[in-house]
1. Confirm whether residue 44 is without any contact (Cβ under 8 Å) to a residue 40 or more places away in the chain and either in contact with a helix residue (DSSP H, G or I) (Cβ under 7 Å, 6 or more places away or on another chain) or surrounded by 15 or more Cβ atoms within 10 Å (Cβ to Cβ) (or both).
2. For region 47-77, which positions are in contact with a helix residue (DSSP H, G or I) (Cβ under 9 Å, 6 or more places away or on another chain) and either closer than 12 Å to residue 9 by Cα or among the aromatic types (Phe, Trp, Tyr) (or both)?
3. Could you check how many residues of region 10-38 are surrounded by 16 or more Cβ atoms within 10 Å (Cβ to Cβ) and more than 21 Å from residue 50 (Cβ to Cβ)?
4. So which strands (runs of 3 or more DSSP E) stay within the chain end to end and still have 2 or more residues that are of a type in the set (Ser, Thr, Tyr) and either modelled with pLDDT under 95 or in contact with a strand residue (DSSP E or B) (Cβ under 9 Å, 6 or more places away or on another chain) (or both)?
Amino acid sequence: MPRFRFALSDIRAVREVGMVQSDTFDDALHAVTERFAVTPGDSLEIGVYGFPPARYQYVTLLDTDSSSWRPVGQRAA
């Protein structure tokens with residue numbers, strides 16, 4: 001089972017740093033969201049050892065009035 005390293009931050013500073021062990025990347029994102037107080041505008045860097053981390057921002061979806069992680073800084077194909 002992979003260990004995902006993460007850093008959770010807001011606009012002021014990094015709030016949490018640690019590891020989440022889960023079967024899938026989606027499960028790791030869900031675990032971070034469930035374990036920590038995440039609010040819209042928060043940033044998350046998450047990945048596995050040996051690879052650059054993926055960057056996400058927690059945003060509110062206007063059409064559903066819910067929140068979710070969205071990728072940040074990905075290049076177009």
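1. Details: without any contact (Cβ under 8 Å) to a residue 40 or more places away in the chain: yes; either in contact with a helix residue (DSSP H, G or I) (Cβ under 7 Å, 6 or more places away or on another chain) or surrounded by 15 or more Cβ atoms within 10 Å (Cβ to Cβ) (or both): yes.
Here the answer is yes, as residue 44 does meet what is asked.
2. The answer is 56, 58, 69.
3. 2
4. Filter on the chain gives 54-61, 66-71.
The values are calculated or read from the model by the stated rules, or taken from the named source; none is laboratory data. Remember, it's a predicted structure, so these values are computed and weren't measured experimentally. Glycine gets a Cβ as well: all are built from the backbone with ideal geometry, and neighbour counts include every protein chain shown.
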